[in-house]
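For reference, the structure is listed below as structure tokens.
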Amino acid sequence: MKLLLKIISPILIAIVLLSFTYGQNSVKIYGELKPKKSEINVSRLKILVKTNNLISAETVTDTFGKFKLILTQKTNDKIDFYCTGIGNDTIFLKRVLNIQSDSLNLAFLLPLKYKLNLKGKVICPICKKTDKVVKIIYINTNPYIAVGVKKTDNGLYDMSNVELKQEKYTPVELSRYSCKRDVIKF
């Protein structure tokens, strides 16, 4: 009986350990966000991977903007990468077609470098057309700040020397264009 247990137990352990390996259609994706400006913080941003308009994987970047994830997919799927966590934007990063290997190394510029056609219009990175691409304009919504307000002894505020100043508005969002056809910001 002891001999039988010595033979069967390693086989059972091997079966259990091998059952946790990834499938043959899995792809290990290693990526990095490369900001165009050094003041863009790329740590703790969420990276979303969509196939057929469904989120198939997601992860969070480390302090240097690097991430890794495992995606189980078919080789003929279109895979779209998005980034969230900068302002209210969900920024389109890249579309990858027909992954043929079991690992993929990607580097994404943040924000995406857009291309222009011969007429100077911005081309959508997905549909490669310009007719539905619109420029996104961020409006300065910062409130005015009252400078010089003093509180008097009886609890009231002295407003005689008040100046209203508005700080310079710098939008947190990075996307500059949107495609109405593909419903993306880039």
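Which residue, chosen from 148, 88, 174, occupies the Cα position most advanced towards the positive end of the dipole of region 35-186, where the dipole is computed from +1 (Lys, Arg) and -1 (Asp, Glu) charges on Cβ about the Cα centre?
Working it through, the farthest residue towards the positive pole turns out to be 174.
If we count every other residue with Cβ under 10 angstrom of residue 106's Cβ, Lys/Arg +1 and Asp/Glu -1, where does the sum land?
Overall, the nearby charge balance is 0.
Coordinate-derived values only; no laboratory data. Please read all numbers here as calculations on a predicted model, not as lab measurements. Here the Cβ is made from the backbone with ideal geometry for all residues, glycine too, and neighbour counts use every protein chain on show.
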